[in-house]
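Trainee: Here it is, the structure, as structure tokens.
The values are calculated or read from the model by the stated rules, or taken from the named source; none is laboratory data. Since we're looking at a predicted model, the values are computed, not measured. Quick reminder, even Gly has a Cβ in these numbers, built from the backbone with ideal geometry, and neighbours come from all protein chains shown. Surface areas here come from the heavy atoms of the whole protein model, side chains and all, with no ligands, DNA or RNA. Shrake-Rupley method; radii C 1.70, N 1.55, O 1.52, S 1.80 Å.
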Amino acid sequence: MNIKKKILLIQPTPYNRDHQLIKKNKLYFVGLALPLLAALTPADWEVEIIIETIEEIPFDTTAQIVGISSMGHGVLRTLDLAQEFKKMGKTVILGGIW
């Protein structure tokens, strides 16, 4: 039996001034970095992409690797997510323009 490796790719949403997550029901601008990474990932990896602005992050994921891509306004949330996944023993890779 061939067990696929799994990677979770996350585009986090930023916090507002009250340290609440900014959630919406639709997106006006979606970055292309995560779909591009998913397309370039070898076939023996299962890839899940989460856009946190419109989706919930699956903290119960079985992914071995968590990739988080963020822009400057989402840096604080990115670091919080990275710490949370590291506590779970996940390998965390950060990327983005910062």
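Trainee: For segment 1-76, what is the per residue volume of the convex hull drawn over the alpha-carbon atoms, in cubic angstrom?
Mentor: Spread over its residues, the Cα hull of segment 1-76 gives 107 Å³ apiece.
Trainee: Could you tell me how far the Cα centroid of segment 58-80 sits from the Cα centroid of segment 5-24, in Å?
Mentor: 7 Å
Trainee: Kindly report the accessible area of segment 1-90 per residue (heavy atoms of protein chains, probe 1.4 Å, no ligands, DNA or RNA), in Å². Before the final figure, lay out each step's value.
Mentor: Numbers: 5910 Å² over 90 residues.
Using a 1.4 Å probe on heavy atoms only, each residue of segment 1-90 averages 66 Å².
Trainee: Also, quick follow-up: First compute the accessible area of segment 58-98 with a 1.4 Å probe, then give the percent of it belonging to carbon and sulfur atoms.
Mentor: 59 percent
Trainee: Could I ask something else about it? Starting from the Cα of R17, step 7 Å along the direction of its Cβ; do the same at I49; then give the gap between the two resulting points in nm.
Mentor: For the pair R17/I49, the computed spacing is 3.3 nm.
Trainee: Per-residue ellipticity at 222 nm for the chain, helices alone: DSSP H runs ≥ 4 residues times -39500 (n - 2.57), over residue total, nearest 500 deg cm²/dmol?
Mentor: Taken over the chain, the calculation gives -6500 deg cm²/dmol.
Trainee: Then there is this: Cα axis of helix 75-87 to longest principal axis of the chain: angle in degrees, 0 to 90, nearest 10?
Mentor: With rounding to tens, the tilt is 40 degrees.
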